[in-house]
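Readers should treat all values here as calculations from the given coordinates under stated rules, not as data from a laboratory. Just so it is clear, the model here is predicted, and its values are computed rather than measured. Cβ placement follows ideal geometry from the backbone for every residue including glycine, while neighbour counts extend to all protein chains displayed.
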Amino acid sequence: MSVKKTFGLPAGKLIAIAGLAGLLAGGAAIYVTESLSGNATGAVASVDPAACPLTAAKAEAITPFSKGQVAAMSTVDEHRPLPELVFDGPDGKKKTIADFAGKTLLVNLWATWCVPCREEMPALNALEKDLGSDRFEVVAINIDTGDDEKPKTFLDETGVHELAYYRDASMGVFNTLKKEGLAFGLPVTLLMDDKGCLISAMNGPAAWDSDDAKALINAALTSPKS
């Protein structure tokens, strides 16, 4: 039986471990499967930063909350919608970020072969349990190749039941974010506003059940609307 593990390391050390683990455990898989992408083949479609006129103000307002356990969550140079990210919802039907309009999102990409991902999933589950609502959701997208058996077994064994099951076996979402300069390994996490505009991003794990993480999300929910 799996035991929930807690984050006892400083955020900086967790991030360093995540980067190393991602290179060792995930690099080859990402390289081999990149051509299978269902989202991004060839050039990434251009997006219009002008579509997010107020997101920079929101990012500035919440920047002081990117500290402690979530210090690695950094504002991006361009606050913009992302190219269409396509993944499977719990019912197996295709979804995109546009389907979550009206919600602030913490989008997280994870895989069972990524050790830091496995470590942080219970924390993401706890964050969704505490703050999930019609205004906020943790959208954790599994990118294991193959069928659903391995990721679903992992979630069951670790008691991760608050998160909706989102899946992209093609790794297309990862490849799109890689082309956007946002994903360098796993886990990768994006904070997006209720208009689908990118506020900030980070590579590496975090203690998402910490007071620091909850303060960041609450700040995003109460800062100037986009």
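At most 10 other Cβ atoms within 10 Å and a DSSP loop assignment: could you name the trypsin sites (Lys or Arg not before Pro) in segment 78-140 that fit?
Hits after loop and neighbour filter: 93.
Note the per residue figure in Å³ for the convex hull of the C-alpha positions in segment 161-226.
118 Å³
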Determine the alpha carbon to alpha carbon distance for each of 93/195; 67/103; 58/195; 58/214; 103/129; 129/214 and list only those over 19 Å. 93/195; 67/103
Return the ratio Rg/(2.2 N^0.38 Å) for segment 67-226, where Rg is computed over Cα atoms only. 0.95
Can you check how the C-alpha radius of gyration of segment 38-162 compares to 2.2 N^0.38 Å, as a plain ratio? 1.16
Cα gyration tensor category, rounded, prolate or oblate, for segment 94-136 with a/c compared to 1.5: oblate
Taking every alpha carbon pair in segment 97-163, what does the distance histogram look like in 10 angstrom bins from 0, in percent? 20, 52, 26, 2
At the level of C-alpha centres, the distance separating segment 150-224 and segment 83-98, in angstrom, is 14 Å
